[in-house]
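A short write-up of the structure that comes next.
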Amino acid sequence: MRYLFRDQSARGGIPLLLSSALVLLLLMLLLALAPELTSSNGWVLLFLLLSAGIFLGYAKSTEPFYAVELCAQGVRYHHRRGSWLLPWQAFLYARVAELTGRGEVAYVGFKVTDYDSFLQQLPPRLAVKLLMEQRHLLLAALASDCPDGTCASSMLAHHTEFSTGKARYYGVQAMFAGRMQHLAMLLGAELFIPTTVLPVEAHEFCRTVNQSRLIYLKKTAT
């Protein structure tokens with residue numbers, strides 16, 4: 001059994017890139033034939049919008065085709081900076097993340113029980129990117145669970161060393177492990193993926209993950 005979830009953030013990238021580039025090319029040709037039109041501010045705005053369309057189209061086209069893969073090894077999350085793998089036996093469940101008093105947020109969280117199985121294969125380049133991309137999630141959780149700011153300073157500090165009892169981690173891996181620990185205290189889960197990349201509703205995705213986990217673990221046990 002294998003599930004592949006198409007990355008929604010990648011949809012429409014190539015058409016947007018090509019159409020914006022084509023219109024920009026035609027615009028430049030028109031201005032070359034009629035240079036007197038360059039005096040209009042409207043052309044400048046259109047040029048900026050088309051340039052933004054090209055940039056956005058290119059950014060979309062570099063996203064991975066599949067965002068999440070459920071395979072025999074576990075849950076694999078694909079990002080343009082790499083991918084991480086969370087083995088089935090290394091987490092308890094997946095659920096939609098919630099902020100205290102604010103309800104659900106646009107992330108699915110995984111309750112990790114074995115840091116080592118995850119950290120040992122986490123690409124440093126991806127870890128750095130995720131630390132930056134998900135910083136706002138930590139800040140939102142701090143604002144919800146720590147309104148007076150007394151716990152923020154310690155949780156925003158970067159770890160230079162982290163130990164699980166089985167192994168010791170340094171640098172980016174230690175920083176990411178520390179972030180996982182802080183998010184677990186605030187949100188009840190260590191690892192997160194944005195729901196915006198999922199082609200299905202977040203709760204349906206969590207049900208599929210949790211059911212698949214039980215199936216794979218049962219197969220492994222037998």
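Coordinate-derived values only; no laboratory data. What you see is a predicted model; the values in this text were computed from it and never measured.
Classify the range 69-210 as rounded, prolate or oblate from the Cα gyration tensor: take a ≥ b ≥ c as the square roots of its eigenvalues, call it rounded if a/c is under 1.5, otherwise prolate when a/b beats b/c and oblate if not.
Oblate shape, in that a/c is at least 1.5 and b/c is the bigger or equal ratio.
Tabulate in residue order the Karplus-calculated ³J(HN,Hα) for the range 75-87, using 6.51 cos²θ - 1.76 cosθ + 1.60 with θ = phi - 60°, rounded to whole Hz; enter x for Gly and Pro.
Values per residue, Gly and Pro as x: 9, 10, 9, 9, 9, 5, 9, x, 8, 10, 10, 10, x Hz.
Give the long-range amide H neighbours of HIS78: residues separated by 5 or more places, or on another chain, with amide H under 5 Å away, using H modelled in the peptide plane at 1.01 Å from N.
VAL68, GLU69
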